[in-house]
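The values are calculated or read from the model by the stated rules, or taken from the named source; none is laboratory data. It should be emphasised that the depicted structure is a prediction, and the values quoted were computed from it without experimental measurement. Please note: Cβ atoms are built from the backbone with ideal geometry, for glycine as well, and neighbour counts cover all protein chains shown. Heads up: the accessible areas ignore ligands, DNA and RNA and are worked out on the full protein's heavy atoms, side chains in. Shrake-Rupley method; radii C 1.70, N 1.55, O 1.52, S 1.80 Å.
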Amino acid sequence: MTQIPAIDMVATGQNITRLRDARGMTVRDLQEIFGFATPQAIYKWQRGTALPTVDNLLVLAVIFDVRIEDILAVRQAQTAVSA
């Protein structure tokens, strides 16, 4: 068995919420930065029902002054790899 990483969407959403709060930002602030018509995408990120695109992850990393790896929560999932 080989360890294959997977993104933990719920924990990633919790990281986004924590980092946003630490910056003193609101969901509305992020909505305006991204130019979204509604805040729904950001709420989905925070709930862990959707992930930001790679481009949006990069913007979040810059806004929060962290690495993308600090936003994404990774868990190890086991899977069989055939030889």
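Residue check, Gln46 against (1) under 9 Å from the mean Cα position of the chain (by Cα); (2) in contact (Cβ under 8 Å) with a residue 40 or more places away in the chain; (3) assigned to a helix (DSSP H, G or I), all met but one. Which one?
Unmet condition: (2).
Residue under question is Val66, and the condition is that it be in contact with a Leu (Cβ under 7 Å, 6 or more places away or on another chain) and over 28 Å from Thr2 (Cβ atoms); does it hold?
yes
State all residues of the range 49-83 that are open to solvent by 100 Å² or more (accessible area, probe 1.4 Å), at pLDDT 95 or above and over 12 Å from the mean Cα position of the chain (by Cα); if no residue qualifies, say none.
Those that are open to solvent by 100 Å² or more (accessible area, probe 1.4 Å), at pLDDT 95 or above and over 12 Å from the mean Cα position of the chain (by Cα): Val62, Asp65.
Among the residues of the range 1-42, count how many are assigned to a helix (DSSP H, G or I), farther than 15 Å from Ile71 by Cα and open to solvent by 50 Å² or more (accessible area, probe 1.4 Å).
Matching residues across the range 1-42 total 5.
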